[in-house]
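Enquirer: One structure follows; several queries about it will come next.
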Amino acid sequence: MYDAPSLERNVDQKEIKFSARNVQVYYGDTHAIKDVTVEIEDNTVTAFIGPSGCGKSTFLRCLNRMNDTIDVCRVEGDIRLDGEDIYDKRVDPVQLRAKVGMVFQKPNPFPKSIYDNVAYGPRIHGLARSKAELDEIVETALRRGAIWDEVKDRLDAPGTGLSGGQQQRLCIARAVATAPEVLLMDEPCSALDPIATAQVEELIDELRQSYSVIIVTHSMQQAARVSQKTAFFHLGHLVEFGETGQIFTNPVDERTESYITGRIG
Amino acid sequence: MTDASLPENSAAAPAHRSLNTVDARTRKRNRAEARFRAYGIAAVATGLVFLVILLGSILFNGVGAFQQTFIKVPVYLDPAKLDKSGERDIEAIKKVSTFGYTPLIQQGLFDVVQAAGIETPLAKPGDMKQMISPSAAAQVRDTVIENPDLIGQTVDFRILASSRVDGYLKDRVFREDVVRDKNIDVEHLDIVDGLVAAGIVVKEFNLTFITGADASESRPEQAGLGVSILGSFFMMLVVLALSLPIGVAASIYLEEFAPKNRFTDLIEVNISNLAAVPSIVFGILGLAVFIQFAHLPQSAPLVGGLTLTLMTLPTIVISTRASLKSVPPSIRDAALGVGASKMQAVFHHVLPMAMPGILTGTIIGLAQALGETAPLLLIGMVGYIATNYPDGLASGFMDPNSAMPAQIFEWAKRADPAYYERAWGGIIILLVFLMTMNIIAIILRRRFERRW
């Protein structure tokens, strides 16, 4: 069932985008992430897989400090983006999040027009000096999100009126519009039907050209289809991290093997 | 179904159950359901019956206040009485008090009665006194002072009838009771009957009741709610201007920014408790803080508004927090995810989505404040206060005034049954205001609610 993915592998050595060292995350008294060390490459799709509650989403949310919004959450260790410590006191999480965009599990467009959904990020970051420039950013982002052709005639229509798959691609376009360097995707297809999922997966593969993409997924097939690197989390530990092909065909750790063959999880 | 009823079934196979027959258990459940429905309908029906009784009795008792009895009297403005010098000197004319006018009006009415050919044992113009409102003299005097050239002419006036005459026409005063009433005699009622037939005594729409000021105990026919409506209006301005920004700001901070710790928990519990504190407690707090400590004027709508703000704040905070809570967290995530700051996320996305709830809560809080009487008793916004319209904004906030519910309470206390009728009428006006505010709340809710 889990054949070696037939995707072309880019095995060239790439630049390291994110490097995490000895990361610990606590929710109150719960130790949610235990000593995770991982390096994430640029222009690569990295998949985080693992059973529910294993901490993969928690770790993802550490990477753009979305966990800051949770009062009881505490992050220890060292996470560097391009060599800069993102938990440094001088780092404003707002700037970090502009650089590290995020797409969520449930499509969550703002209850505004399609145009305003995409234009919101560029507006608050002052990326456009004129209306024409903003129009261009919006169009580029919607094209990147592979949804331009479907919505170009109704940019004033509410973003919430789109179908689930379209909404999720709109959210991706919205994340892309702020010109991030990394895209975090937290189970972006779990609320979508197979056709929409296929569209989003195709899109993820395209986005790899410009961004480092990190995707959390429950679906091992999806991880196999879209990612070049895979990290397997279990009970807060990073059990195994490596080439996707290797993880799915020849896992080193027996817990990984149990999970991908469906014995745990 | 038991095996006994279906002997052809073997013991091992499950008994065949036809869908066409209902078993005992299902019947029992259906009966329970039907009973519950009946309870519900009975409860709703009881509520409706009481509502109908309430509205019916309010309308039945209060509608009378919107009609008032007037007498059309031509009054000869005798120069010998009103302007002895004959020079039309306004200062000299002003020296003539209402006592100078009363005999002229009585004479006018007496002449009307004579002309209508009504037979009556009352032979003096002075006997007409009981039929005329004491306010009539002031009405005629005001007209003359405004236009002194009328002196010497016979002018048609529409003067207020006394409250007894008004009550007689509204079936509040009866002939058999009048014997014990020294304010009016049966002979007067005979005259009234004649004048009604002649179209001289008429019941007309009572605009004064909506626009006028309160009047003394002895002239209910003149009393109106207008000045206390203004008092309520100025109070509501204060309440709105203070409680909306303070309440919304406090809720946003508590809900979105404040750390969740024991201190904020304590604040939260206290706000919920404050909403249940009896309003009279806020009244005595307002008395202590605003009047005794801050030395603001007593009975002023400003103080009333401040006191009611204290009372309204918890309501607004609770409803605002509830509507902020109801905004899905995914919207906050979405905004933070594209790099909005916490404040941008709240003000650009959360607040607009919470707006309908906030506005509804605010208007309901205001409506509650509008109908509140108890705190006003303690800061003196009750009693015989309203005599004149406030003169401008500053005076509207600072001058002694009453408020609608306090005025109604005051009328209900007074002895004259005519005031009883006005209390009910006042309730109708108050309800109209409350209903208007609720309708505005509904409209705003519809307008701001986005469909997605």
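Enquirer: Does B:Asp391 meet the test of being closer than 30 Å to B:His295 by Cα and acidic (Asp, Glu)?
Expert: yes
Enquirer: Would you tally the residues in the range A:91-108 being more than 15 Å from A:Cys62 (Cα to Cα) and either more than 8 Å from chain B (Cβ to nearest Cβ) or open to solvent by less than 10 Å² (accessible area, probe 1.4 Å) (or both)?
Expert: Matching residues across the range A:91-108 total 3.
Enquirer: Okay, moving on. From the list A:Ile86, A:Ile40, which one is within 14 Å of chain B (Cβ to nearest Cβ) and either more than 19 Å from B:Pro329 (Cβ to Cβ) or open to solvent by less than 30 Å² (accessible area, probe 1.4 Å) (or both)?
Expert: Checking each option against the conditions leaves just A:Ile86.
Enquirer: What's the number of the only condition in (1) farther than 26 Å from A:Ala196 by Cα; (2) within 14 Å of another protein chain (Cβ to nearest Cβ); (3) open to solvent by 40 Å² or more (accessible area, probe 1.4 Å); (4) basic (Lys, Arg) that A:Arg65 fails to meet?
Expert: Here A:Arg65 clears every test but (3).
Enquirer: Moving on to the next point. Looking at the range B:200-216 only, could you name the residues that are outside any strand (DSSP E or B) and touching a residue at least 12 places away in the same chain (Cβ under 8 Å)?
Expert: Residues satisfying the conditions are B:Ile200, B:Asn206, B:Thr208, B:Phe209, B:Ile210, B:Thr211, B:Gly212, B:Ala213, B:Asp214, B:Ala215, B:Ser216.
Enquirer: Might you check whether a residue that is open to solvent by 30 Å² or more (accessible area, probe 1.4 Å), among the hydroxyl-bearing types (Ser, Thr, Tyr) and touching a strand residue (DSSP E or B) at 6+ places or on another chain (Cβ under 7 Å) occurs anywhere in the range B:65-82?
Expert: Scanning the range B:65-82, I find at least one residue that is open to solvent by 30 Å² or more (accessible area, probe 1.4 Å), among the hydroxyl-bearing types (Ser, Thr, Tyr) and touching a strand residue (DSSP E or B) at 6+ places or on another chain (Cβ under 7 Å), so the answer is yes.
Enquirer: Next question. Please verify whether A:Ala191 is over 23 Å from A:Ser57 (Cα atoms) and in contact with a helix residue (DSSP H, G or I) (Cβ under 7 Å, 6 or more places away or on another chain), treating the condition exactly as stated.
Expert: no
Enquirer: What is the residue count in the range B:151-191 for residues that are open to solvent by less than 40 Å² (accessible area, probe 1.4 Å), over 23 Å from B:Arg422 (Cβ atoms) and among the hydroxyl-bearing types (Ser, Thr, Tyr)?
Expert: Of the residues in that region, 0 qualify.
Enquirer: Shifting gears a bit: Check the range B:227-246 and report whether any residue there is open to solvent by 10 Å² or more (accessible area, probe 1.4 Å), on the phi < 0 side of the Ramachandran plot and not hydrophobic (A, V, I, L, M, F, W, C).
Expert: Yes, there is a match, as at least one residue in the range B:227-246 is open to solvent by 10 Å² or more (accessible area, probe 1.4 Å), on the phi < 0 side of the Ramachandran plot and not hydrophobic (A, V, I, L, M, F, W, C).
Enquirer: Now for a different question. Among the residues of the range B:192-206, count how many are in contact with a helix residue (DSSP H, G or I) (Cβ under 9 Å, 6 or more places away or on another chain), among the aliphatic types (A, V, I, L, M) and open to solvent by 20 Å² or more (accessible area, probe 1.4 Å).
Expert: Of the residues in that region, 4 qualify.
Enquirer: Suppose the filter is closer than 20 Å to B:Pro328 by Cβ, at pLDDT 90 or above and among the aromatic types (Phe, Trp, Tyr); does A:Tyr120 pass it?
Expert: Here the answer is yes, as A:Tyr120 does meet what is asked.
Enquirer: Scan the range A:100-140 for residues that are more than 22 Å from A:Gly164 (Cβ to Cβ) and assigned to a strand (DSSP E or B) and report the count.
Expert: The qualifying residues number 1.
Enquirer: Restricting attention to the range B:343-358, and to residues there that are within 32 Å of the chain's Cα centre (by Cα) and crowded, with 22+ Cβ neighbours inside 10 Å, which single residue is farthest from B:Met236 (Cα to Cα)?
Expert: Among them, the one singled out is B:Ala354.
Enquirer: Hey, among the residues in the range A:8-30 that are open to solvent by 60 Å² or more (accessible area, probe 1.4 Å) and over 28 Å from A:Gly83 (Cβ atoms), which one's modelled with the lowest pLDDT?
Expert: A:Glu8
Residues checked against (1) within 12 Å of another protein chain (Cβ to nearest Cβ); (2) touching a Gly at 6+ places or on another chain (Cβ under 8 Å); (3) of a type in the set (Ser, Thr, Tyr):
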{"position": "B:Leu310", "(1), (2), (3)": "no, yes, no"}
{"position": "B:Pro314", "(1), (2), (3)": "no, no, no"}
{"position": "B:Lys325", "(1), (2), (3)": "no, no, no"}
{"position": "B:Ile331", "(1), (2), (3)": "yes, no, no"}
{"position": "B:Ala334", "(1), (2), (3)": "yes, no, no"}
{"position": "B:Gln344", "(1), (2), (3)": "yes, no, no"}
{"position": "B:Met355", "(1), (2), (3)": "yes, no, no"}
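Enquirer: A follow-up question, please. Please determine, by comparing only the residues of the range B:294-319 that are farther than 14 Å from B:Leu240 by Cβ and polar (S, T, N, Q), which one is surrounded by the fewest Cβ atoms within 10 Å (Cβ to Cβ).
Expert: Out of the qualifying residues, it is B:Gln298.
Enquirer: Please work out which residue is surrounded by the fewest Cβ atoms within 10 Å (Cβ to Cβ), limiting yourself to the range B:267-293 and to residues that are more than 21 Å from B:Ser402 (Cβ to Cβ) and of a type in the set (Gly, Ala, Ser).
Expert: Here the residue is B:Ala276.
Enquirer: May I pose another question? Condition (residue is in contact (Cβ under 8 Å) with a residue 60 or more places away in the chain and either open to solvent by 30 Å² or more (accessible area, probe 1.4 Å) or of a type in the set (Lys, Arg) (or both)) applied to the range A:134-146: is it met by at least one residue?
Expert: yes
The values are calculated or read from the model by the stated rules, or taken from the named source; none is laboratory data. Here the structure is a predicted model, which is why all the values come from computation and not from measurement. Note that each Cβ is placed from the backbone with ideal geometry, even for glycine, and that neighbours are counted across all protein chains shown. These area figures cover heavy atoms from the full protein model, side chains too; ligands, DNA and RNA do not enter into them. Shrake-Rupley method; radii C 1.70, N 1.55, O 1.52, S 1.80 Å.
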